[in-house]
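What follows is one structure encoded as C-alpha cells, with my remarks underneath.
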Amino acid sequence: MTTPAGRIGAPDRLAGKTALVTGAAGAIGTAVVHRLSAAGVNLLVCGRDRDRLEHLANQTGALPFVADLTDAGACRSAVAAAEHRFGRLDLVHLGVGTRGDCRDIAEFELSAYRRVVAANVDSVVFSLEASVPALRRAGGGAITVSSSLAGVTGYGQFPLYSMTKAAVNGLVRATSQRLARSNIYLAALCPSFVDKPLLGDFRSHLEQKGIPLLAPAEVADALVQRLCAPPGDEPIWTLQPGHPPVPHPCPAISPPAPIHGRPLGGRSGADRR
Ligand SMILES: NC(=O)c1ccc[n+]([C@@H]2O[C@H](COP(=O)([O-])OP(=O)(O)OC[C@H]3O[C@@H](n4cnc5c(N)ncnc54)[C@H](OP(=O)(O)O)[C@@H]3O)[C@@H](O)[C@H]2O)c1
C-alpha cells in the first residue's frame, strides 16, 4: 500500500524518517528517543543539559542540539539544524515541560508562574510555529505533544500546571484539522503520573494514595503509536496504567439557541476550523 508523500503508516515504516524531539533528556523524552532510534529514525534531540544530551546522543546516534526552547529563535534554529543535517523533517515530539511548584493560586512567585507557562506553553507554541513549515515542505508528517491528564481533569495540587496543559490541549484541538489539510497529524497525549527518579517525595505521596504509575516506556509506546497515526485522527488521547490509550473526543456542542424564535444561521464548529 502506498501512502501520500511524508505520510507515516506504521511503526515499521518509520525507518529513514527524520524526527526532532524536545525535552529529549527527560524521562519520557529519553524513552521516545530510544523507541525512534530503534525504528531507524534520524534524530535531532533537544534540551538544555549538554551532558545528558550528549550521553543520549552517544547511546542512540542522535544529533544533540543544546538550547532553551522557550525562545522562539532557538526553536527555529533547532528545526533548521534538523533540515540541514538530514535534508527534511517528518516527525516532531514536543516533550519540554515542568510541573513547577505553584500549589496555591493565592500564593505563588511571579517568576515561577512565568517559568511554568514558558516551558509548557511557549515552548509548544514556538516549536509548532517553527516545525509546521518544515513538515509542510516534507509533504506532511506527524507531531505529538506531551500534555497531561491534569489538563483534562484538573489537578488541585498543581493548578497552574493543569492550566498550561489544558491550554496545550485547546491549541492542539483547535489546530489539528487545519494541519490535517497539509497532511500533518497533530496530537496531544495526556498521561497520568509517570514513574521517574525526579518524583522524589511525591512518589510516596502517590503510593499512599494508591495511585498507580506509568512507566516512561509505556508513554513512549503510546506517543510513537500517535506519530504513526494518519492526519485527521483524534487529536487528544489519555493514557492511564493498565489501559491502552483512549481518545478524548470533544463533547457534542448544542446548536445555538434561536434569537426571537429565528434560528441562528452560521457554520458548524467543524466548518469554522
Ligand atoms: N512525569 C509525569 O508524571 C508526567 C505526566 C504527564 C505528562 N508529563 C509531561 O511529559 C513531559 C515530559 O515529562 P517528564 O516526566 O519526562 O519530565 P522531565 O524528566 O522533567 O523532562 C522534561 C524535559 O523538559 C526539558 N526542559 C524543561 N524546560 C526546558 C527549556 N526551557 N528548554 C529546553 N528544555 C527544557 C528538560 O530539559 P533539561 O534536561 O534541559 O532540564 C527535560 O529534559 C512534560 O511536558 C510533562 O509535563 C509528565
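Counting only residues that are out of contact with any Pro (no Cβ under 9 Å at 6 or more places or on another chain), open to solvent by 20 Å² or more (accessible area, probe 1.4 Å) and not hydroxyl-bearing (Ser, Thr, Tyr), the stretch 144-159 holds 5 of them. For residue 141, the stated conditions hold: it is on the phi > 0 side of the Ramachandran plot and open to solvent by less than 30 Å² (accessible area, probe 1.4 Å).
Can you confirm whether the stretch 101-115 contains a residue that is within 9 Å of the ligand (Cβ to nearest atom) and either within 17 Å of the chain's Cα centre (by Cα) or at pLDDT 95 or above (or both)? For the stretch 101-115, residues within 9 Å of the ligand (Cβ to nearest atom) and either within 17 Å of the chain's Cα centre (by Cα) or at pLDDT 95 or above (or both): present. Do we have residue 135 as more than 15 Å from the ligand (Cβ to nearest atom) and surrounded by 17 or more Cβ atoms within 10 Å (Cβ to Cβ) here? Criteria met by residue 135. So which residues in the stretch 20-54 are near the ligand (Cβ under 8 Å from one of its atoms) and either open to solvent by 30 Å² or more (accessible area, probe 1.4 Å) or without any contact (Cβ under 8 Å) to a residue 60 or more places away in the chain (or both), if there are any at all? Across the stretch 20-54, the qualifying residues are 25, 27, 28, 30, 46, 47, 48, 49, 52, 53. Only one entry in 81, 57, 74, 62 is more than 24 Å from residue 12 (Cα to Cα) and in contact with a strand residue (DSSP E or B) (Cβ under 6 Å, 6 or more places away or on another chain), namely 81. Beta carbons closer than 7 Å, at least 6 apart along the sequence or on distinct chains, pair a first residue in the stretch 149-175 that is without any contact (Cβ under 8 Å) to a residue 60 or more places away in the chain and over 24 Å from residue 232 (Cα atoms) with a second that is open to solvent by 60 Å² or more (accessible area, probe 1.4 Å) and more than 11 Å from the ligand (Cβ to nearest atom) for 157/103; 158/103; 159/105. Considering the stretch 177-190 alone, what residues qualify as being open to solvent by 10 Å² or more (accessible area, probe 1.4 Å) and not aliphatic (A, V, I, L, M)? Residues satisfying the conditions are 177, 178, 181, 182, 183. Looking at the structure I just gave you, is residue 67 more than 8 Å from the ligand (Cβ to nearest atom) and of a type outside the set (Lys, Arg)? Here the answer is no, as residue 67 does not meet what is asked.
Say we look at the stretch 104-125 and pick out the residues that are buried (at least 21 other Cβ atoms within 10 Å of the Cβ) and touching a Cys at 6+ places or on another chain (Cβ under 8 Å); which of these is nearest to residue 193 (Cα to Cα)? Applying the filter and picking the extreme gives 116.
Checking the structure you have, find out if any residue of the stretch 95-103 is over 18 Å from residue 191 (Cβ atoms), open to solvent by less than 70 Å² (accessible area, probe 1.4 Å) and without any contact (Cβ under 8 Å) to a residue 60 or more places away in the chain.
Looking through the stretch 95-103, at least one residue is over 18 Å from residue 191 (Cβ atoms), open to solvent by less than 70 Å² (accessible area, probe 1.4 Å) and without any contact (Cβ under 8 Å) to a residue 60 or more places away in the chain.
When each of 202, 193 is tested for being open to solvent by 10 Å² or more (accessible area, probe 1.4 Å), within 14 Å of the ligand (Cβ to nearest atom) and closer than 12 Å to residue 239 by Cα, the lone residue that passes is 193. Residue 238 passes every criterion in (1) within 11 Å of the ligand (Cβ to nearest atom); (2) over 17 Å from residue 97 (Cβ atoms); (3) not hydrophobic (A, V, I, L, M, F, W, C) apart from (2). If the condition is being among the aliphatic types (A, V, I, L, M) and within 13 Å of the ligand (Cβ to nearest atom), then the stretch 70-82 contributes 72, 74, 78. Could you list, in sequence order, all residues of the stretch 184-208 that are over 18 Å from the mean Cα position of the chain (by Cα) and not acidic (Asp, Glu)? Within the stretch 184-208, 196, 197, 198, 199, 200, 202, 203, 204, 205, 206, 208 qualify.
The values are calculated or read from the model by the stated rules, or taken from the named source; none is laboratory data. This one's a predicted model, so the numbers in the text were calculated from it and none came from an experiment. Please note: Cβ atoms are built from the backbone with ideal geometry, for glycine as well, and neighbour counts cover all protein chains shown. Surface accessibility is based on the protein's heavy atoms, side chains included, excluding ligands, DNA and RNA. Shrake-Rupley method; radii C 1.70, N 1.55, O 1.52, S 1.80 Å.
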